[in-house]
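Every number here is computed from the coordinates shown, using simple stated rules; none is lab data. It should be emphasised that the depicted structure is a prediction, and the values quoted were computed from it without experimental measurement. As a convention, Cβ positions derive from the backbone with ideal geometry for all residues, glycine included, and neighbour counts pool all protein chains shown.
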Amino acid sequence: MDENQINYADTPIDFPEKRLERRRKLLPWWVIGFIWIFLLFFLAMPVAIAMGLLHYDFEISLLGLTTYQPISLVGAFLMLLFSFKGITAYALWTEKVWAVGLAKVDAIISIVICFLVMGYAIFGHTFTVRLELIALFPYYIKMNNIQYEWENFGSPESTEQVLPETL
């Protein structure tokens, strides 16, 4: 080998990487908005339970289910559902690896509940389309699209690497 030639096989190549600083940057603004809403509702759950135990009546409504009695079967189910959504929101905000999987389960459960409520309304001779579905389907699709990158965040295969054009 001539001393004027450079052996590129032994030279490390530094690839410029397009990396996000945080997993949270993968979430669109509207998902972040819902995260904050459900975090606030999650923080309100202990107060709601205490008020219910003190026999205060107030409206709880989510996904077409409504009750004015927090200490009832529907009220307990709604508070459990709000708590589940709050845990999901907290996991997404704190960037837990399993958060997107939980968010997908949350979306599926919410979609099923909406369809069940719509189906039940048919027996009352009314038909309503739950507007929550407008947000739930895109939410599921977005979580599905970012799941791989979210779960493999920081690993070399999850980052997009570009080869330099000139060596």
Check: Going by how many other Cβ atoms sit within 10 Å of their own, how do LYS96, LYS85 line up, fewest first?
Finding: LYS96, LYS85
Next item on the list: Compute the length gained on full extension between PHE58 and LEU131: take 0.36 nm times their separation in residues and subtract their Cα-Cα distance, giving the result in nm to one decimal.
Entry: 24.0 nm
Notebook entry, point to check: Considering the zone a paramagnetic label at VAL47 would reach in this model (a point 7 Å from Cα along the Cα-to-Cβ line), which residues of region 65-90 have amide N under 14 Å from it?
Noted result: none
Notebook entry, point to check: Which chymotrypsin sites (Phe, Trp or Tyr not before Pro) does region 40-92 hold that lie in a coil by DSSP with at most 15 other beta carbons within 10 Å?
Noted result: TYR56, PHE58, TYR68
